[in-house]
Amino acid sequence: MNNSGLPPLNIKSFDYRKEIDGLRSIAVISVILFHFFPEFLPGGYLGVDIFFTISGYIITATTINKALSGDHSILRFYRRRINRLIPSLSLVILTSIVFFSFFFTTPDFIKLINSGISSSLYVSNWYFLNNTGYFDSSSYLKPLLHTWSLSIEEQFYIVFPLVFLPLISKGKIRTASTIISVVTLLSLSYAIFLSTMTAGESLYFSTTTRAWQIGVGSLLALYIHCYKNKEICLNSTLELVFFTTSFGFYMYSIFVFDSEYNIPSLYSFIPLILPLQIIFIYNSKQSIVKRALSNSIMSFTGKISYQLYLWHWPVVVATTVLTIKGIGYNILAIFGVFILSWVTYYMLSLLSKKAIFVFSVASVFVVSVLFVGFYTFPSFEIARSNYLFGVNASTIMSVNTQKDEYEEFIESIAYPDSKYDKTVCSNDNLKTRVDFEQCFESNRENKNVLVIGDSTGRDTWLALNMAFPDANFVLFHQSSCTPATYSFMYNTTYGTKYKNCFPNMDEILETADNTMRFDTIILAFRFFPEHWEFFTNKIPKMRKLNKEVVVLGVAPILTDHFHRYLGRLSLLGENANIPDQFSNDGTGLSYWDTKKIAKKTKIMSTEAGAKFVDIGDFFCSETGCRLWVSRDYNQAMYWDSSHLTLSALDDFQLYLKSKLADEFQLKQADD
């Protein structure tokens with residue numbers, strides 16, 4: 001019985017509209033292309049915003065329809081959501097855990113288990129928001145990272161029927177609309193406020209900054225119901241003009257927007273014009289746009305869009321772990337995602353509702369057992385390592401331990417009153433010039449050596465401190481940056497970012513020169529050829545300060561993190577031989593030909609007026625480059641692809657002591 005005084009919904013309109021499946025198709029294809037080809041579609045991640053609005057519309061329209069037709073059961077609502085969402089999610093979680101257990105070593109695998117349980121409980125957006133940092137695994141080593149958006153949607157699905165189903169059942173549509181409007185405006189206001197203050201995880205993953213996008217879709221369903229606008233008759237030409245305009249806005253967004261545009265914020269309204277228009281306007285029976293969005297290909301893609309979204313990111317991570325690269329391979333991977341998604345959709349459609357429910361509960365239980373097992377029984381992980389990694393298990397676990405030791409040590413150097421606290425002047429903390437003045441001022445009474453570099457340069461700075469304890473080395477540092485002022489672009493899960501390296505470097509160097517005593521500047525960093533011109537252009541400016549500029553290089557770089565390489569190698573079982581070294585010619589594990597890079601760097605440094613000191617013989621010999629500090633395979637040189645372990649740093653400092661003491665008389669640096 002309809003007691004609202006308002007006309008009942010058009011059931012066909014709300015229960016299934018092919019054009020909305022077409023809209024889902026556009027959104028999910030945007031996300032998939034972004035993750036496989038981020039340079040081509042830097043704003044493709046905005047497809048997730050469209051999913052939020054569609055979800056808000058669909059769930060509200062369905063709830064109104066069910067309530068006004070007499071179905072007031074909250075439990076039935078939850079059961080429908082469980083049967084719709086959890087089976088596919090559970091399958092992806094379990095498959096990811098099984099597959100990546102063969103490749104992930106302990107730290108990454110524990111993070112996968114943690115993310116698996118948080119995804120099962122639909123709180124993964126908060127998990128990822130609170131578990132990010134400098135030393136976290138990259139986004140391409142988090143197979144379940146994409147479940148953050150599903151968690152936000154499910155949080156909405158949990159709250160919505162509890163609050164609004166009773167209201168709608170009693171015909172209080174306006175009350176429901178008022179509450180949703182207030183929540184939507186508060187969420188949008190908070191997102192706009194936060195976007196002016198920060199960007200990244202706290203803005204991107206938060207339920208509070210995303211609620212308004214779901215609210216917009218929900219309000220749209222209520223608006224259509226209240227005002228009876230189920231069919232708006234426009235002539236086909238005007239209809240096409242409207243669609244072309246809104247579609248143009250969306251295409252502009254996904255090709256132009258990157259992380260420089262803080263999302264969600266007011267910018268988010270631009271891509272949302274498309275779903276709002278299609279849902280509201282294109283409900284007419286005769287529509288060119290509706291027919292285009294309702295064709296069999298778009299409709300099919302929209303039907304399996306949930307499965308496509310679930311499978312695509314674990315496949316992206318798998319191609320990263322297996323080091324499968326290239327446009328052709330990415331296209332094949334996308335094809336594989338479609339196959340996996342269709343099979344999942346089809347197989348689950350064959351199961352009864354009871355079987356689906358049992359499978360969902362069982363899968364959550366299995367993930368929970370794995371989670372509890374890892375934190376309760378240490379032997380559980382040892383058994384897994386021994387089974388998967390065989391004879392290499394102790395070696396791999398040793399490398400993991402060295403990785404943890406390094407991370408803890410690096411984090412400790414920035415603590416107040418630590419041994420190195422007064423000599424770390426880092427752009428990683430977004431230091432202002434005043435901050436640098438304070439940092440340099442604390443070293444006014446010393447005769448200093450200024451070390452400028454990236455995170456590998458920080459390793460060199462640590463080794464120099466160990467080698468020459470009587471000297472005072474001041475670090476001017478920014479991670480991932482050649483010591484020069486420039487910008488470069490890189491990709492993250494939530495968009496393309498631009499990194500500004502050593503901003504205002506000239507002013508900061510002048511500040512250092514005016515504030516503290518130093519005669520020597522040491523440059524130590526990864527020598528990526530694409531950044532050569534930046535640092536060579538900066539050397540003459542450093543020389544104008546009457547400082548001797550010394551370039552230390554060149555260290556090798558691995559093509560993959562060492563512990564992951566060992567993990568893949570160990571899958572060969574008894575036939576896996578732990579290597580002593582790797583090539584020095586840019587093949588295999590070697591990222592580049594170290595000798596060629598060193599030769600070119602020496603020429604460019606000398607021409608720019610700097611002194612080049614070749615430290616390559618510490619890392620490499622004529623036959624190859626070292627992987628181990630000692631031959632017992634327990635002390636690795638690297639904990640990732642370029643950073644030295646603490647054991648290697650100790651070895652490195654002994655090398656630097658003999659290499660640099662005579663050339664630069666660093667022992668007398670405190671005279």
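The values are calculated or read from the model by the stated rules, or taken from the named source; none is laboratory data. Given the structure is predicted, the values throughout are model-derived calculations rather than measurements. Positions of Cβ are backbone-derived with ideal geometry, glycine not excepted, and every protein chain shown enters the neighbour counts. What goes into the accessible areas is simple: the full protein's heavy atoms, side chains included, and nothing from ligands, DNA or RNA. Shrake-Rupley method; radii C 1.70, N 1.55, O 1.52, S 1.80 Å.
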**Item:** region 60-121, accessible surface, carbon-and-sulfur percent (1.4 angstrom probe)
**Value:** 68
**Item:** Label-point separation, Phe528 to Ser630 (7 Å along Cα→Cβ), nm
**Value:** 3.6
**Request:** Please calculate how many Å² of accessible area region 516-633 carries per residue, with a 1.4 Å probe and no DNA, RNA or ligand atoms counted.
**Result:** 47
**Hull volume in cubic angstrom per residue (convex hull over the Cα atoms of region 289-329)** = 86
**Request:** Please label the shape of region 145-195 as rounded, prolate or oblate, based on the square roots a ≥ b ≥ c of the eigenvalues of the alpha-carbon gyration tensor (a/c under 1.5 means rounded; beyond that, a/b larger than b/c means prolate, else oblate).
**Result:** oblate
**Prompt:** Of Lys142/Lys659; Lys538/Lys595; Lys422/Lys595; Lys290/Lys325; Lys541/Lys599, which ones are farther than 32 Å apart at the Cα?
**Reply:** Lys142/Lys659; Lys422/Lys595; Lys290/Lys325
**Prompt:** Once label points are set 7 Å from the Cα along Cα→Cβ at both Arg291 and Asp470, what is their separation, rounded to one decimal in nm?
**Reply:** 9.0
**Asked** What FRET efficiency would be calculated for the residue pair Trp342, Glu411, taking the C-beta separation as r and a Förster radius of 56 Å, to the nearest 0.05?
**Response** 0.75
**Item:** Met298 - accessible surface, heavy atoms, 1.4 Å probe, Å² rounded to 10
**Value:** 40
**Residues Glu445 and Phe99, FRET efficiency given R0 of 60 Å [Cβ-Cβ distance, rounded to 0.05]** = 0.55
**Asked** Gain in length, Asp435 to Leu350, computed as 0.36 nm per residue apart minus the alpha-carbon separation, to one decimal in nm?
**Response** 24.2 nm
